[in-house]
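Enquirer: Can you read through this structure? Questions will come right after.
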Amino acid sequence: MNPDFETRLDAYAELIVCVGLNIQPGQRLFVRAPRENPALVHRVARAAYHAGAEDVQVYWEDDVLDLIRVERAPRQVLDQYPDWVAYAYNTSSERGDAFLLTFSPDPALFQNQDPERADLFRRARVTALRPMLQKQARNGFTWLAARVPTQAWAARLFPNAAPAVQQEKLWDAIFSMCRVDGGDPVAAWREHLDALEKRRAYMNAKQYAALHFKSLVTDLTLGLPRGHVWEGGQSVAENGVTFVANIPTEEIFTLPHRAQARGYVTTTRPISINGVLIEQFALAFENGRITRVVAQNYQAALEKMVASDQGAAHLGEVALVAASNPIGRSKLLFYDGLYDENAASHIAIGRAYRFSLGGGETMSAQEFEDAGGNDSAIHEDFMIGSSEMDVDGILEDGSREAVMRQGEFAFEAS
Ligand code: ZN
Ligand code: ZN
């Protein structure tokens, strides 16, 4: 039987503070959280002070107020983000505070609004917080994306449950996806992160020239650029502190060569993109480029996305995830990239991360592209792994080694 709710909530908060953010004595913590569900943040604050944090500041988000603003505010203020909020984010980031980002995005929030007004509102935030977001992108401070339930999100996942139990069910799902079911989640996470670390070290040492994905519905070969770097699990921030940027996280990932994908691939899970649910689709590749899209629904929307810019028809990420992980086993669809991306091995169309290539962060745009990196305004992950998927690593000389068999890692990493 599961420990009671309060015990698991405390364990989740401890996991966030001690493993995710790895709060250091004297450090400050900045939290972004939904106002409607403060219980976790209160526990996090307690655990953070216990770990030696100097201060904990919280910015409460309110989806309903955001909706009212998009609906009613005069157009000339829609592109203005409040100065005092931007100041709070940007000064915290400059000081090197830890950031906990627990907001739970509701992709359907603005669905009945004028898209242009919604877009102005969203862009104002990104523009005002650019200093913080840029520093976050290069791990200039320790940060963690995690989730707490909101009523809208819970209702989307469990539409048939009574409203009173929807959030309870979502909490249960979050706890078990984040391995906070058992006795000692912090120990369970140390073991999990150690396994991810060993896998990525093994793959980095191998430096395969290509990966071959094969199942009944997929036959895809992805070239990997020389100097590609497998990441996953823990990261190290500029201040030298180790942290985990996502809880949950199950993947090791790198970038495929933008010009060397060939074959075809079929998705193995529905994908929620901008609030629409695409059941299944298949893509064909030649020389790294998507040459054909076949979708069960929203075919036109997918084609439009693939054509949205130069890099949107190429790949920017390949990630390996064991099919037996808690999210994969649950078969739940979370309508949220943080969770859904970790369900299975996946690839992403669009932008590659600069840090996925050795020296990539200091390359010019042209150098990055010449080395095999892809750039785009979009980055959309879709799941291709399953318990039927085999993955081979292909070495420079063309010889093959087993990387995954029937969805599980096939090598013993030590
Ligand atoms: Zn990924
Ligand atoms: Zn991704």
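Read the figures in this text as sums done on the coordinates, not as results from a lab. This is a predicted model, so every value here is computed, not measured. Note that each Cβ is placed from the backbone with ideal geometry, even for glycine, and that neighbours are counted across all protein chains shown.
Enquirer: How large is ³J(HN,Hα), in whole Hz, for each residue of region 98-107 in order, when computed from phi with the Karplus curve 6.51 cos²θ - 1.76 cosθ + 1.60 and θ = phi - 60°, using x for Gly and Pro?
Expert: So the J values, rounded to whole Hz, are 6, 10, 10, 10, 10, 4, 10, x, 10, x.
Enquirer: Pulled fully out, how much extra length does the chain show between residue 277 and residue 363, if you take 0.36 nm times their separation in residues and subtract their Cα-Cα distance?
Expert: That pair, residue 277 and residue 363, stretches by 27.3 nm at full extension.
Enquirer: On to the next question. Helix-only mean residue ellipticity at 222 nm, the chain, DSSP H runs n ≥ 4 weighted -39,500 (n - 2.57), per residue, nearest 500. What is it?
Expert: Estimated from H runs of four or more residues: -9500 deg cm²/dmol.
Enquirer: Rounding to the nearest 20 debye, state how big the charge dipole of region 116-245 is about its Cα centre with +1 on each Lys and Arg Cβ and -1 on each Asp and Glu Cβ.
Expert: On the way: 18 positive and 12 negative charges, 111 e Å.
Computed charge dipole of region 116-245: roughly 540 debye.
Enquirer: Measure off 7 Å from each Cα along the Cα-to-Cβ vector at residue 94 and residue 388, then give the distance between these two points in nanometres to one decimal.
Expert: Once both label points are built, they end up 5.6 nm from each other.
Enquirer: Considering the options 107, 218, 73, tell which one lies farthest towards the positive end of the dipole of the chain, charges being +1 on Lys and Arg and -1 on Asp and Glu at the Cβ, about the Cα centre.
Expert: 73
Enquirer: Tell me the label-point distance for the pair residue 408, residue 71, using the 7 Å Cα-to-Cβ offset, in nm and rounded to one decimal.
Expert: That separation, rounded to one decimal, is 5.2 nm.
Enquirer: Return the subset of 214/304; 198/331; 169/304 for which the Cα-Cα distance in this structure is over 32 Å, preserving the input order.
Expert: Over 32 Å Cα-Cα: 169/304.
Enquirer: Over all distinct alpha-carbon pairs, what is the Kirkwood Rh of the chain in angstrom?
Expert: One over the average 1/r among Cα pairs gives 22.4 Å for the chain.
Enquirer: Tell me, what ³J(HN,Hα) does each residue in region 34-46 have, in order and in whole Hz, if you take phi through Karplus 6.51 cos²θ - 1.76 cosθ + 1.60 with θ = phi - 60° and put x for Gly and Pro?
Expert: Each residue's phi maps through the Karplus curve to give x, 4, 6, 9, x, 4, 5, 4, 4, 5, 4, 4, 4 Hz.
Enquirer: Count the net charge of all other residues whose Cβ sits under 14 Å from the Cβ of residue 195, scoring Lys and Arg as +1 and Asp and Glu as -1.
Expert: Its environment carries a net charge of -2.
Enquirer: Taking the chain as a Gaussian network, where each spring joins two C-alpha atoms under 10 Å apart, which residue of 365, 146, 13 fluctuates the most?
Expert: Comparing 365, 146, 13 in a Gaussian network model of the chain, the most mobile one is 365.
Enquirer: What does the charge dipole of the chain about its Cα centre add up to, to the nearest 20 debye, if the Cβ of each Lys and Arg holds +1 and the Cβ of each Asp and Glu holds -1?
Expert: It works out to roughly 320 debye.
Enquirer: If you scale each eigenvalue of the Cα gyration tensor by 5 and take the root, what three semi-axes come out for region 307-411, rounded to whole angstrom and sorted largest first?
Expert: Those come to 26, 20, 11 Å.
Enquirer: So if a site counts as exposed when it's one of the GluC sites (Glu not before Pro), its DSSP state isn't H, G, I, E or B, and it has at most 16 other Cβ atoms within 10 Å, what's the longest stretch of the chain without one?
Expert: Answer - 55-237.
Enquirer: In terms of the Cα gyration tensor, with a ≥ b ≥ c the square roots of its eigenvalues, is region 1-142 rounded because a/c is under 1.5, prolate because a/b exceeds b/c, or oblate?
Expert: Oblate is the answer for region 1-142, as a/c is 1.5 or above yet b/c matches or exceeds a/b.
Enquirer: Assign unit charges at the C-beta atoms only (+1 for Lys and Arg, -1 for Asp and Glu), then state the dipole size of region 1-53 relative to its Cα centre in Debye, rounded to the nearest 20.
Expert: Values: 6 positive and 5 negative charges, 55 e Å.
In debye, rounded to 20, region 1-53 gives about 260.
Enquirer: Going 7 Å from the Cα of residue 162 along its beta-carbon direction, which residues of region 1-31 have the amide nitrogen within less than 20 Å of the resulting point?
Expert: Counting backbone N atoms under 20 Å from the label point, the list is 5.
Enquirer: With 18 Å as the cut-off, how large is the P(r) tail for region 10-55, expressed as percent of Cα-Cα pairs?
Expert: Summing the P(r) of region 10-55 above 18 Å gives 19 percent of all pairs.
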